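Below: the structure, in structure tokens.
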Amino acid sequence: MNFLSLKDPAVLPRIQLLHSSACLLMLLLWGAGCKPSAPSAAEPQAQPSAPPPPAEMVTIEGLNVGQISEADQAWEELVKSLQAPPAPAEWETREPSPEELAAFELKLGAAAAEGAKRALVFHEKFPTHDKAREAREQELELLSVAAELGQTNVLERLSRLETARLSDASSTTEDRLAIRIKQLQRQVKASDDSASSNSVAAMEIGVRSIQKDFPERAEPHALMLSVADGWMTAGETGRAQQLATELAGISLPEQLQEGVKRLQDRLNRLGKPVTFKAPGLDGKSLDLGVHQGKVVLLHFWASWSANSISELPKLQKVFNELHLRGFEMIGISLDRERPELDQALADHKITWPQTFGPDSERLAEEFQIQTIPSLWLIDKKGNLRDVNARGNLAGRVLRLLDEK
């Protein structure tokens, strides 16, 4: 993978509230685009103090095919050097673990930071070369990738470049919007608890600012949809509903309209009865109706999902502690193969009932499950009370168990 071949998306439909492999995938798709740009007014081009060195004559089998200057050679070397570390081949068939992702992100971030340094060296040494402006673009984009991947040592330089670009009258709307979104993403990622009310409130303030400065763009509305998701995750369903209603009243691209509708559907399910019937792995029927008077967790997951697997010990702990008090769990496995599911259940000593196959797929579609693991909590009356119970699960279950 070459950093120079990566493109910066014009639209970021979602902003990740929690660090995940999806965030890494987005970063791999960002990188430093090779788009031409106008020279920055905040960074005037320097004039060479001496004539360029003589060009090197290039010959192939004795034939003179032209000359390559030192600057052209340096550019070719820069392009070749910007090779991002390849992801492990085994990730093509399995999802990496959080620890593997963290290690790879560290490696990728360091490579991006080094690439930014090489781009800086090029445009400072050859400020009038026709690729100098592109090298400045590469430096900015690679610094952004490095910062997103935890390379805090690049933040000062990145901030200076972004400030210059934002104040540059020649910068395009797309450039300025992309910078503002990336700044907000870094702010969210730096939060210790991105699912907390304070963090979501800060994110909403940032998105409102972007909306004000870019009123004709769809991207800020997409970010606001993520804010609404964040409020729902934080348990502030009323605030989430307000934002969803606000977005529903705006003319949005079709994809965003569908996202708003899915959010409203999930919010509208809260507080209402959930019906659930499906065959278990043993062939016996699983029915929520038999658990009246108990708190039930619907666990949408798959053994091929590293995040699902890493969550199992936490679920097992809560189940063991609260099962005798009236807490039940039902797994809805989205595994592709039954042997893989059976192996995961055996390895992690999972005892709560599971459903698998077409019935699980039907339920995931009916309940509009977008990511796994997803944890839904059903109260003693059979009403849906939480569609994102991953944070502080024990506390959420206890509150429902204490209800009369």
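The values are calculated or read from the model by the stated rules, or taken from the named source; none is laboratory data. These numbers come from a predicted model, not from an experiment. Counting neighbours? That spans all protein chains shown, and the Cβs are built from the backbone with ideal geometry, glycine included. In case anyone asks, the SASA skips ligands and DNA or RNA and just uses the protein heavy atoms, side chains included. Shrake-Rupley method; radii C 1.70, N 1.55, O 1.52, S 1.80 Å.
Key figures
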quantity	calculated
Accessible surface of region 59-202, 1.4 Å probe, proportion on carbon and sulfur as whole %	52
Inter-label distance, nm, simple model (7 Å from Cα along the C-beta direction), Arg262/Arg186	2.9
For region 117-231: Kirkwood Rh in Å [reciprocal of mean 1/r, alpha carbons]	15.5
Region 310-397: GluC sites (Glu not before Pro) in DSSP loop, at most 12 other beta carbons within 10 Å	Glu337
Angstrom value of the Kirkwood radius, inverse mean 1/r, which spans all Cα pairs in region 224-300	14.6
Cα pair distances exceeding 14 angstrom across region 67-106, given as percent	63
Rounded accessible area per residue of region 281-389, 1.4 Å, Å²	46
For region 80-123, accessible area per residue (1.4 Å probe, heavy atoms of protein chains only), Å²	53
For region 212-261, convex hull of alpha carbons as volume per residue, Å³	72
1.4 Å probe accessible area per residue over region 156-262, in Å²	47
Förster radius 25 Å - calculated FRET efficiency between Lys107 and Glu337 (Cβ-Cβ, nearest 0.05)	0.20
Directionally averaged projected area (convex hull, Cα atoms, region 271-312), nm²	4.2
Under the Karplus curve 6.51 cos²θ - 1.76 cosθ + 1.60, θ = phi - 60°, whole-Hz ³J(HN,Hα) for region 116-123, x wherever Gly or Pro sits	4, 4, 5, 5, 4, 4, 5, 6
Region 286-404 - percent of accessible surface contributed by carbon and sulfur, probe 1.4 Å	50
Solvent exposure ordering (accessible area, 1.4 Å, most first) of Ile181, Ile309	Ile309, Ile181
Dipole magnitude of region 207-291 about its Cα centre (Cβ charges: Lys, Arg +1; Asp, Glu -1), debye to nearest 20	260
Mean shadow area of region 152-289 over all directions, Cα convex hull, nm²	12.4
Cα point-scatterer Debye curve for region 79-171, base-10 log of I(q)/I(0) at q = 0.17, 0.23 Å⁻¹	-0.78, -1.14
Chain lengthening between Glu70 and Arg208 when straightened (0.36 nm per residue, less Cα-Cα)	44.9 nm
Pairs of alpha carbons in region 357-404 whose separation is greater than 17 Å (percent)	41
Kirkwood Rh and Cα Rg combined as Rg over Rh, evaluated for region 258-404	0.93
Inter-site label distance for Thr152 and Glu77 at 7 Å from Cα along Cβ, in nm	3.4
For Val397, solvent-accessible area (1.4 Å; no DNA, RNA or ligand), Å²	0
